[in-house]
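Structure first, commentary second.
The values are calculated or read from the model by the stated rules, or taken from the named source; none is laboratory data. Owing to the predicted nature of the structure, the values given are computational and were not obtained by experimental measurement. Cβ sites come from the backbone with ideal geometry, for glycine too, and all protein chains shown count toward neighbours.
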Amino acid sequence: MPEKILKLQTQNYTLLRTTRMLFPFLFASIVGVGAGFLSVVLIQCIHFSEHFFFDEVKPFFENFLNGYSLVIIPAIGGLLVGLIIYCLAPETKGHGVPEVMKAVAIRGGRIRPVVMLVKTIASSLSIGSGASVGREGPAVQIGATFGSSLAQLFKLNAAQTKNLVACGSAAGIAAVFNAPLAGVMFSLEVIMRDFGARSLSTVVVSALAGSIVSRSLLGNHPAFMVPVYKLHSPFEIGLYLLLGIVSAFVALLFIHTLDKSEEWTAHKTKIYPWLKPALGGLAVGVIGLIAPDVLGSGFTTIEHALTNQMTLQLLAALVLLKIIATSVSLGTGSSGGTFAPTLFVGAVLGGAFGRLFYTHCPFPVAPPGAYALAGMASVFAGATHAPVTAILLIFELTEDYKLILPIMAAVVASTVLTQILSQESIDTVNLKRMGIDVRLLQETKFLSALRVGDAMTQNFEFVPQSMPAEDLIRRMTAEKDKVFFVNDAQNECVGFITIDVMKDVLFEKEVSMIIVDDLVTPIQEAVMPEDSLSEAANLMTQANVKYLPVMDPADPKKIVGVIKREDFHHAFTHITLKQAELLNRLERESAQAGGIRQFSFTLPSRSLLKGTSLKTLDLPKGVVFTSIERHKEAVIPTGETILQSKDRVWVGVTKQYEQNFREWVKANHLTIH
């Protein structure tokens, strides 16, 4: 009989574990299908909008504007967009991706469902009327909103909601560009900044589903039909590296121009917000009179650059005009993405670069279209700080892999230079201006990497329902840190007792008449040992409790531990110290290899150096403070850092000044470890 019970428990555990593993993939598939379908709807709405504005509305104005109707069309579209956005969902203005990143950063991935409808209509009107924006940003926001809405419908926790947001973003890119690999990488590289196995697997499933839907409804063909290009000479790699460097500065110009346009429009103008997209559309229309190629997504112009159908003068002019037109469109509040504009700028920049060297180079050079292809990848990579996404996107858009080495060279050069010169990308610069630093989200990944079982404690005790409250008060007073659970007559847990409830009991006149059963609180939320600490933290925050019981996966009624709020701090501190120890070891090994030795000493409680800032210390030449361990936490020292007693200080010392350092240590009554 016991063997049968054990076998049944094992089967239940296996079924429970399998169910928990399959549900994320089921949700990811649903999100992929939904986001793919919505992306197809977005594309069809854009086509309808373009037909309406340029085939129906434009001829009407041509009758009395004498060729200037191109100015008024984007303004009309902008007016409609402004009214829709600011009446229904202001978060749908702009390029969409920053709003998704913002939702992940500060809202636990929650996005209002109305965003799907408003973003679809507003983006269709913007792109269809000629605003210099793309359709991929809206596809990301629409797909992310679908994923978030599904998570909210089923009341999933914050970690699961963020994952479905990432799934929707990947499916949106996969569907709208027919580029599933780029969709996966964009979602992980830009939205989530997480390449963990759990995130990767569900995002891949979603992108696959979204791509299948779009290919079924729109067909399977590359976005651009380009000739087959190849590397004509090894010396060309130098030209592609130079193109990457030029692309970096163009990408930085794009980021800066868009940022200043958004900032100026938001804070320097006193126009009604709903009217700003119309004025922006008017300005873009004026630019469109000079160069109609800047209007809309510009895919036709990109293909002309890739197939060598444009002059050097036009290509060079379009680099600046497209940056200005896109910055004006998005800065004034039109709805659309930056993918297509950055690809456009990269294509015309690369085309101009290729034409410049094509006839003035001592060695064989590929046609300008090859450089247009590399320029698309390098400008995109520099603007988004997403090099892997850029490489995969170009390959999937063109289905041409023969230029992989030149494109990789240009992308790496552009990405490295832009990251050195600017910490913010085209997607994060807006968030930074609002005080949101997405890099700080990396800290939460420490908790995602740890399991509840790694941090839980077994500092709990069971008490019977029949125990008098007076006895429980005495026990809780003697063991303040313990968590007390309540067992019934069958020795099964029925709930727990909190200290807050006990404090209320202390004011009762008839405490002697109260038993534990009168005070028990049922268990509503619980976690299992294999759950991540981030999931437990989100659950604890939502339930507004100070601790959660940890249940045995094989027996959901059996408690095996408790996770408290302070356990999260201990876990975070532990992994931070582990990283600090590893960093110190690597620093010592690296320093010794480079002629520098690493030493450490602990500051005694009565040391005269206590309370002294590092910049005022009379340190010997060739000595540098590298890190400080204080209260089991790592501190990166600066000149303003004040030394405290029991600080363990790490310093780097060049070999030639090692004796001077040892004399300084001795003079200050310190001991080297």
Across region 527-550, which residue is surrounded by the fewest Cβ atoms within 10 Å (Cβ to Cβ) among those that are more than 28 Å from the chain's Cα centre (by Cα) and either of a type outside the set (A, V, I, L, M) or over 10 Å from Val452 (Cβ atoms) (or both)?
-> Lys546
When only residues in region 142-194 that are of a type in the set (S, T, N, Q) and over 13 Å from the mean Cα position of the chain (by Cα) count, which is surrounded by the fewest Cβ atoms within 10 Å (Cβ to Cβ)?
-> Gln152
Taking Gln644 and the conditions (1) touching a Gly at 6+ places or on another chain (Cβ under 8 Å); (2) farther than 30 Å from His570 by Cα; (3) surrounded by fewer than 18 Cβ atoms within 10 Å (Cβ to Cβ), which numbered condition does it fall short on, given that it satisfies the others?
-> (2)
Among (1) closer than 29 Å to Gly219 by Cα; (2) among the polar types (S, T, N, Q); (3) modelled with pLDDT under 90, Ser29 falls short only on (3)
Before we move on, is Leu320 in contact with a Lys or Arg (Cβ under 7 Å, 6 or more places away or on another chain) and either farther than 18 Å from Pro74 by Cα or among the β-branched types (Val, Ile, Thr) (or both)?
-> no
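Output the residue which, of all residues in region 229-255 that are among the small types (Gly, Ala, Ser) and either surrounded by 17 or more Cβ atoms within 10 Å (Cβ to Cβ) or closer than 19 Å to Val379 by Cα (or both), is farthest from the chain's Cα centre (by Cα).
At the first step, the residues of region 229-255 found to be among the small types (Gly, Ala, Ser) are 233, 238, 244, 247-248, 251.
Then keep just the ones that are either surrounded by 17 or more Cβ atoms within 10 Å (Cβ to Cβ) or closer than 19 Å to Val379 by Cα (or both); that gives 238, 244, 247-248, 251.
Details: Gly238: 33, Gly244: 25, Ser247: 24, Ala248: 22, Ala251: 20 Å.
Among residues in region 229-255 that are among the small types (Gly, Ala, Ser) and either surrounded by 17 or more Cβ atoms within 10 Å (Cβ to Cβ) or closer than 19 Å to Val379 by Cα (or both), the one farthest from the chain's Cα centre (by Cα) is Gly238.
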Would you mind telling me which numbered condition in (1) more than 18 Å from Gly298 (Cβ to Cβ); (2) small (Gly, Ala, Ser); (3) modelled with pLDDT of 90 or more Ala366 fails?
-> (3)
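Among the strands (runs of 3 or more DSSP E) contained in region 578-657, which hold 2 or more residues that are at pLDDT below 75 and more than 22 Å from His669 (Cβ to Cβ)?
Values: elements: 596-602, 623-630, 633-635, 648-654.
The strands (runs of 3 or more DSSP E) meeting that bar are 633-635.
Does His631 count as out of contact with any strand residue (DSSP E or B) (no Cβ under 9 Å at 6 or more places or on another chain) and either loosely packed, with under 11 Cβ neighbours inside 10 Å or of a type in the set (Asp, Glu) (or both)?
It is true that His631 is out of contact with any strand residue (DSSP E or B) (no Cβ under 9 Å at 6 or more places or on another chain) and either loosely packed, with under 11 Cβ neighbours inside 10 Å or of a type in the set (Asp, Glu) (or both).
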Helices (runs of 4 or more DSSP H) contained entirely in region 405-461, each with at least 3 residues that are at pLDDT below 85, closer than 27 Å to His95 by Cα and assigned by TED's automatic domain parsing to the domain that holds Thr326 = 429-433
Check Lys155 against each of (1) touching a residue at least 24 places away in the same chain (Cβ under 8 Å); (2) not assigned by TED's automatic domain parsing to the domain that holds Gly298; (3) not β-branched (Val, Ile, Thr) and name the one condition it does not meet.
-> (1)
Tell me which residues, restricted to region 344-368, are touching a Phe, Trp or Tyr at 6+ places or on another chain (Cβ under 8 Å), surrounded by 24 or more Cβ atoms within 10 Å (Cβ to Cβ) and touching a residue at least 60 places away in the same chain (Cβ under 8 Å).
-> Val345, Gly346, Gly350, Phe353, Pro368
